[in-house]
Structures are given as C-alpha cells and as structure tokens.
1. Considering each residue of the stretch 79-104, count those that are closer than 19 Å to PHE63 by Cβ and at pLDDT 90 or above, and give that number.
2. Of all residues in the stretch 138-182 being touching a residue at least 60 places away in the same chain (Cβ under 8 Å), open to solvent by 20 Å² or more (accessible area, probe 1.4 Å) and not β-branched (Val, Ile, Thr), which is nearest to ASN56 (Cα to Cα)?
3. Can you pull out every residue in the stretch 81-134 that is among the aromatic types (Phe, Trp, Tyr) and open to solvent by 30 Å² or more (accessible area, probe 1.4 Å)?
4. Among THR60, THR8, which is on the phi < 0 side of the Ramachandran plot and modelled with pLDDT of 80 or more?
Amino acid sequence: CVFLILATTVVADNPPVYRYQQANGVTAFSDRAPKNRPYQLVRFDCFACDLKSTVNWHNTPLFLQKYQQEITAAALHHQLDPALIRAVIHAESAFNPKALSKSGAAGLMQLMPDTATEVGVKNVWHQQQNIQGGASYLAFLLKRYKGNIKLATAAYNAGPGAVDKHQGIPPYAETQTYVERVQLLWSRYQQASQAS
C-alpha cells in the first residue's frame with residue numbers, strides 16, 4: 001500500500017516536489033529535498049512549459065558539456081542536429097536526469113512510458129537510453145512532419161494527435177510557449193557550438 005504525504009509549506013505557485021521512500025517504506029512527497037536519502041524531483045510540467053517562468057530564455061546558462069558523448073552518438077545515429085537534442089533536453093528537464101512529471105514522463109527527455117516502449121528504451125532513468133529514445137522519437141516526428149521543427153516539437157510536447165487535429169501547432173498556450181522556447185534554445189545551442 002502506498003500513502004502520499006504532502007508537505008504543507010507551499011510558498012510558490014509551482015514549488016519543486018520531491019518524491020522519496022521513507023525508512024518504513026512509505027512513499028512521501030515534499031517541497032523540500034530529503035536529507036540522506038535518494039529522491040526524485042517531480043515536475044508538474046516540463047521546464048519550458050511554465051507560462052509563469054521567470055527564466056530569461058535569451059541568456060539562461062546553456063548546458064554545453066553535459067552528456068556530450070550521448071548526445072553526439074544519438075545525433076549521428078538519428079541524423080539530428082545535436083543542438084536540437086540539447087535544446088529539447090533543456091526544455092523538457094533542464095538536464096535533470098531524475099525529472100518525473102505527474103503524467104509519468106521521465107528522465108532527461110521526459111519520455112512517456114508508451115513512447116519509451118515504442119522506441120525500445122528499457123530503463124528511462126539510464127541517461128544514454130533516455131537520450132537515444134528521445135532522439136529516436138524526435139527523428140520520427142521530424143519525418144512525419146517533413147522536417148518542420150516547429151510541428152515536430154509541438155508534437156513532442158502535446159502529441160502528434162493534437163498537431164494533426166489542429167493541422168498545426170495546437171492552440172494551447174503551454175505548447176506554443178514550449179515551441180518558442182525550444183526554437184530559441186536551439187538557436188542559442190547552434191551559435192554556441194559554432195563559436196567553440
């Protein structure tokens with residue numbers, strides 16, 4: 001039996017939520033990271049979807065070195081721009097390999113369980129598998145939308161069904177914001193890679 005224990009000190013609209021196992025085996029949730037025990041940060045939305053985000057997306061620090069080998073390998077294997085993979089990881093999880101959404105999207109590229117299965121990911125918490133799986137799904141979406149990165153990233157966020165239904169980027173504020181922020185991050189990662 002799993003019981004949820006919620007901390008009552010909420011000081012922001014979207015505080016971080018930490019999930020962890022207590023010594024007695026009960027799963028607990030808190031707005032503070034537990035001390036001396038493993039935990040997962042539960043995101044209630046993707047990093048770049050927060051409409052109230054105070055992040056300045058034009059100058060927020062980029063993650064230029066993290067998972068360099070894994071991203072390069074995934075980009076080569078799926079014929080993708082590594083800067084695009086990096087932008088999606090930044091938008092989805094801010095490079096947090098323990099990120100978990102309330103809908104069950106997990107890891108760096110926030111793979112849903114069904115998507116992870118479809119792309120052959122056996123362990124979503126394994127960073128290399130997660131990046132390979134997310135890149136595989138992104139490549140599939142780019143092929144489906146004939147290379148249109150805005151539609152592919154909208155589908156990555158809202159699902160291809162929503163993009164097909166609306167014959168374009170869905171009229172969801174979060175998805176539209178996500179697509180804009182991924183575009184901006186992609187451009188910044190491209191510029192940074194050319195400068196190095």
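The values are calculated or read from the model by the stated rules, or taken from the named source; none is laboratory data. Everything numeric here is computed off the predicted structure, so don't read it as measured data. A quick note on method: Cβ atoms are made from the backbone with ideal geometry, for glycine too, and the neighbour counts reach across all protein chains shown. The accessibility values were calculated without ligands, DNA or RNA, using every heavy atom of the protein model including side chains. Shrake-Rupley method; radii C 1.70, N 1.55, O 1.52, S 1.80 Å.
1. Residues flagged as closer than 19 Å to PHE63 by Cβ and at pLDDT 90 or above within the stretch 79-104 amount to 18.
2. Out of the qualifying residues, it is ARG181.
3. Correct list: TRP125 only.
4. THR60
This table checks each residue for (1) in a helix (DSSP H, G or I); (2) free of Cβ contacts under 8 Å to residues at least 24 places away in the same chain.
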site	(1), (2)
LEU80	no, no
LEU84	yes, no
ALA91	yes, no
LYS98	no, no
GLY104	no, yes
LEU108	no, no
ASP114	yes, yes
THR117	yes, yes
GLY120	no, yes
